[in-house]
Amino acid sequence: MTGPGAQPILRMVDIHRTHGRGEAAVHALRGVSLHVLPGELVAVMGPSGSGKSTLLTIAGGLDTATSGEAFVEGVPLGSLSGRDLARVRRRSVGYVFQDLNLIPALTAAENVALPRELDGASARQARREAIDALAELDLGDLADRFPDDMSGGQQQRAAIARALIGPRRLVLADEPTGALDSETGEAVLRLLRARCDAGAAGVLVTHEARHAAWADRVVFLRDGLIVDDTGGQAEAESLLEGMR
Amino acid sequence: MSVRHGLLALLAEQPRYGYQLRAEFESRTGATWPLNVGQVYTTLARLERDGLVTPQGGDGEGHAYYAITDVGRAEVARWFAEPVARSAPPPRDELAIKLALAITAPGVDVLRITQAQRTHTLRALQDYTRLKARATDRDVAWLLVLDSLIFQAEAEIRWLDHCESRLARAGAAVHEAVSSQPERHAIAQQARGAGS
């Protein structure tokens, strides 16, 4: 869990992101600052077009801020070369997207092992880690299945295993429950929660309040700005005091 | 909330005394709706008056047991079989009333109201979700009650989202509606005048 004085794993400072220029400029983010500590899961909510997904892609180094700086484990992403940035993305950041992006020609284990192999781990080492990661998500028996032979929920869990494999400490999820039914979607959220409880920092973009509620803190974006925040857990514990 | 039918359903299982009924009611519904024991005895007295339960006397330890009657059993069966009625008119919903008034009142920032409510309700939703994360699969009844609270809170937030997008789309139309209010007031006053 978060300790006092813990360094944030993700630190975004006054991030602006503008697409286009002049009259046609679109201001996707207009000065967003966000810290996510180890052990903390932060949900980002807001209407479509509010900048949620832009925030996530900048946090993960998939997009670059027009101004401001994003730090992952203290490393400023904006100043990195393409090659160094790619390494931070592989080693420190795990992504779970709505479209799972599992590669259909690879088995579950091969899909999960891929980022480790890209990162220079031996094939055998990567496979061992992949099997462990799958087992953690109750998919140990399906390691050698192809995505097409798995249910939507199983595919989603495999995608999460891939996002979490290795020593990544920042997990970024964009509508990770996609079109899953409510029970399976909940299982995905429990998992994300468990990974954060185990020390990762998580950012979850969702339009579903029921999913955002698994987070320690929910921030609300509107027109590229954070307009509100539920605050930390300590403030929210009061409502059902006395109930179990 | 029907304490009456809740207690009757518990008595349909076996005879029980007041404190037992209260404890059983609370544990079976996750202690979400606490009962005081006075309420239990008042309800038992009414059930007895209506012939739905009958006192069975004490057990020697000062506990006054009640048992269900055949009429009571039939009433429990009817309660389980029938849908819970939706009241008409619907119960007063302070939030709906507040928003309805806010969009027509001059100088009120509706977005601020919806956002403040959204944050407040999300905190509650986080709270319920934490309780749910701690519950085990064996707590089925408690989980059902929690899920009910969760879905209700979620519905309120979805409705707030919907209100905002509706207002954004109809921004101009709202202004028009506000400016035509005097006419509607006049009509309402006429109607009231005719009624009195």
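Read-outs: derived from the displayed coordinates by stated rules, not from any lab. As the structure is a computational prediction, the values presented were derived from the model and not from experiment. Because the Cβ atoms are built from the backbone with ideal geometry, glycine has one as well, and the counts that use them run over all protein chains shown.
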Next item on the list: Calculate the length of the line joining the C-alpha centroid of the range A:201-231 to that of the range B:1-54, in whole Å.
Entry: 42 Å
Check: Under a GNM of chain A (C-alpha, springs under 10 Å), which listed residue has the highest mean-square fluctuation: A:Ala209, A:Ala158, A:Ala65?
Finding: A:Ala209
Checklist line | Cβ-Cβ FRET estimate between A:Val13 and A:Ser81, R0 fixed at 25 Å, reported to 0.05 | finding: 0.75
Checklist line | Summed side-chain charge close to B:Tyr66 - residues other than B:Tyr66 whose Cβ falls under 15 Å, Lys, Arg +1, Asp, Glu -1 | finding: -1
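Show me the GluC sites (Glu not before Pro) within the range B:45-136 that DSSP assigns to loop and that have at most 16 other Cβ atoms within 10 Å of their Cβ. Walk me through the numbers before you get to the answer.
Numbers: sites: B:Glu48, B:Glu61, B:Glu75, B:Glu94; in loops: B:Glu61.
Answer by residue number: B:Glu61.
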Check: Distance from the Cα centre of the range B:75-101 to that of the range B:133-175, in angstrom?
Finding: 17 Å
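Counting only other chains, what is the mean number of Cβ atoms within 10 angstrom of the Cβ of each residue in peptide A:212-224?
Numbers: counts 6, 16, 6, 3, 2, 1, 6, 1, 4, 0, 3, 0, 0.
Averaged over the peptide's residues, the number is 4.
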Next item on the list: Only loop residues by DSSP count here, and only those with at most 14 other Cβ atoms within 10 Å; note down the trypsin sites (Lys or Arg not before Pro) in the range A:1-61 that meet that.
Entry: A:Arg21
Notebook entry, point to check: Which residues in the range B:10-39 place their backbone N less than 14 Å from a point set 7 Å from the Cα of B:Ala45 along the Cα-to-Cβ direction?
Noted result: B:37-39
Checklist line | Most mobile of A:Gly78, A:Gly39, A:Gly20 in a GNM of chain A (Cα contacts under 10 Å) | finding: A:Gly20
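Using a 10 Å cut-off around each Cβ of peptide B:113-125, what is the average number of partner chain Cβ atoms that fall inside?
Numbers: counts 0, 0, 4, 1, 0, 6, 8, 2, 3, 12, 10, 6, 10.
Mean inter-chain Cβ contacts per residue within 10 Å come to 5.
Kindly state, to the nearest 0.05, the FRET efficiency for A:Asn101 paired with A:Arg145, given R0 = 22 Å and r defined as their beta-carbon distance.
Details: r = 17 Å, r/R0 = 0.77.
My answer for the efficiency is 0.85.
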Margin query: Within 10 Å of each Cβ in B:151-158, how many Cβ atoms from other chains are there, averaged over the peptide?
Written below: 3
Next item on the list: Work out the FRET efficiency for B:Arg4 and A:Asp197 from their Cβ-Cβ distance, taking R0 = 41 Å, and round it to the nearest 0.05.
Entry: 0.40
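Suppose every K and R has +1 on its Cβ and every D and E has -1 on its Cβ; what is the size of the dipole of the protein assembly as shown about the Cα centre, in Debye to the nearest 20? Let's see the in-between values first.
Numbers: 49 positive and 56 negative charges, 134 e Å.
Roughly 640 debye, rounded to the nearest 20.
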Check: Residues with amide H under 5 Å of A:Gly231's amide H, sequence separation 5 or more or different chain, H placed in the peptide plane at 1.01 Å from N; which?
Finding: A:Val218
Note to self: Helix B:181-195 against the longest principal axis of chain B: what's the angle in degrees, Cα atoms only, rounded to the nearest 10?
What the structure shows: 50 degrees
